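The structure appears below as structure tokens.
The values are calculated or read from the model by the stated rules, or taken from the named source; none is laboratory data. Every value quoted in this text rests on a predicted model; they were computed, and no experiment measured them. Here Cβ is always computed from backbone atoms with ideal geometry, including for glycine, and neighbour counts include all displayed protein chains.
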Amino acid sequence: MKTPLTSFAGLDLLTSAVIVLDAEGSILFANASAENLLDSSFKSLTHLKLTDLFLNGEELIEVFHQAVAHQFADKRQDLTLERAGREALHVHSIVTALDNPDTPVLIELRENVQQLKLDREERMLDQSKANKELIRNLAHEIKNPLGGIRGAAQLLELELPERHLRELREYTQVIIKEADRLQTLVDRLLAPHRLPHIVGDVNIHEVCERVRSLIVAEFPQGLTIKRDYDLSIPEFRGDKEQLIQTVLNIAHNAAQALHERIRQGDAVLTFKSRVVRQITLAKVRYRLALDLHIIDNGPGIPPEIRNRIFYPLVSGKEGGSGLGLTLAQTFVEQHLGVIECESRPEYTDFRILIPLP
């Protein structure tokens, strides 16, 4: 007598993905978490075999056959499972041999959050290094001819005939002013690499309060700034001005994104500080770290730039330079930390993690 699938209904309550297979590897049951993890409906999954799910599922399939043969009760392993046209899954798999010929194997897949975090941090570090190299090279390539362009425009202005000076001077001034504007942009690009790292004792709440006062001065109405501080966080050695600029860049971007809610009077910006323990940042393990969140209830970061927000010259607002978050990332990395971002409509959270003594 076959086991009714209703007997597996309780598995829908689990947060880990569970699939039940027959001896041929056909999927008989998949819980709700499996549907989410595999991006497929229950109906679609029950038309597939285990061999259809992953491009590199050989290890998992081999363990499945061992389970069918009752070579073990359960077996655990960490796997990276690749899928066509989708991001690979980093999972901890548990394959269990069931004492039932109709449903001999149960596979549980749990996302390996720590591996995902390490991979994401590694990608961000590689991206940041590439960004810095690009910025330095681009800035120097632009800077050298700018001086020549500006100087030539000034000389040209001196040589203009008196009778045409007024009408033609307008054009030379455009050249000079645009050269000056580009020079300012280049200086901003090079600033993080030029400025000395001034180290002193930093109280992160003094940093947040300084930024709060600046945001309140610019947005006095319609914006509520909430503070959720852990006052036990110790001071640490760092560059206070760099950290003020970091938090200000993020908070100011958030306030600008909240313009519609500010108009309605229900915009909220939250500074939240905590301590996390035993955390790995940039492949180094730390006993303690500052965990600072800057959260807003705005529209969220546009999906088309969500994965590129720390790239130089990428901006989500019209007229933005696209340098604010790049500089913030550079300053945090100089403090051996990382910036993470989670965003969806009505919730964007920039998380700054910096090691503590």
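What the table shows:
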item	result
Cβ pairs under 9 Å, 6+ apart, first in region 78-102 and under 13 Å from Asn56 (Cβ atoms), second small (Gly, Ala, Ser) and modelled with pLDDT of 85 or more	Leu79/Gly57; Leu79/Ser93; Leu81/Gly57; Leu81/Ser93; Glu82/Gly57; Val91/Ala17
Which listed residue is among the acidic types (Asp, Glu), assigned to a helix (DSSP H, G or I), modelled with pLDDT under 90 and crowded, with 16+ Cβ neighbours inside 10 Å, from Glu304, Glu333	Glu333
Any hit, region 22-33, residues being over 35 Å from the mean Cα position of the chain (by Cα), in the same structural domain as Lys75 (by TED's automatic domain parsing) and either farther than 27 Å from His70 by Cβ or among the hydroxyl-bearing types (Ser, Thr, Tyr) (or both)	yes
Leading residue by the ranking (farthest from Glu111 (Cα to Cα)) among those in region 41-81 that are outside any helix (DSSP H, G or I) and polar (S, T, N, Q)	Gln71
Qualifying residue in region 57-68 (condition: modelled with pLDDT of 85 or more and of a type in the set (Gly, Ala, Ser))	yes
Subset tally (residues that are surrounded by 14 or more Cβ atoms within 10 Å (Cβ to Cβ) and in a loop (DSSP other than H, G, I, E, B)) for region 249-265	1
Among (1) under 26 Å from Asp291 (Cα atoms); (2) modelled with pLDDT of 85 or more, the one test that Gln221 misses	(1)
Single residue of Ile279, Ile309, Ile352 found to be modelled with pLDDT under 90 and buried (at least 21 other Cβ atoms within 10 Å of the Cβ)	Ile309
Odd one out for Arg237, checked against (1) touching an Asp or Glu at 6+ places or on another chain (Cβ under 8 Å); (2) buried (at least 18 other Cβ atoms within 10 Å of the Cβ); (3) not hydrophobic (A, V, I, L, M, F, W, C)	(2)
Residues located in region 15-40, provided they are within 11 Å of Glu108 (Cβ to Cβ) and either among the small types (Gly, Ala, Ser) or modelled with pLDDT of 90 or more (or both)	Ser16, Ala17, Val18, Ile19, Val20, Asn31, Ser33, Ala34
Selection from region 201-248 of residues that are more than 16 Å from Leu336 (Cα to Cα), in contact (Cβ under 8 Å) with a residue 24 or more places away in the chain and in a loop (DSSP other than H, G, I, E, B)	Asn203, Phe219, Gln221, Gly222, Tyr229, Asp230, Leu231, Ser232, Ile233, Pro234
Enumeration of residues in region 266-276 that are surrounded by fewer than 19 Cβ atoms within 10 Å (Cβ to Cβ) and within 24 Å of Gly238 (Cβ to Cβ)	Thr270, Lys272, Arg274, Val275, Val276
Index of the failed condition, Thr3 passing every other in (1) in a loop (DSSP other than H, G, I, E, B); (2) modelled with pLDDT of 85 or more	(2)
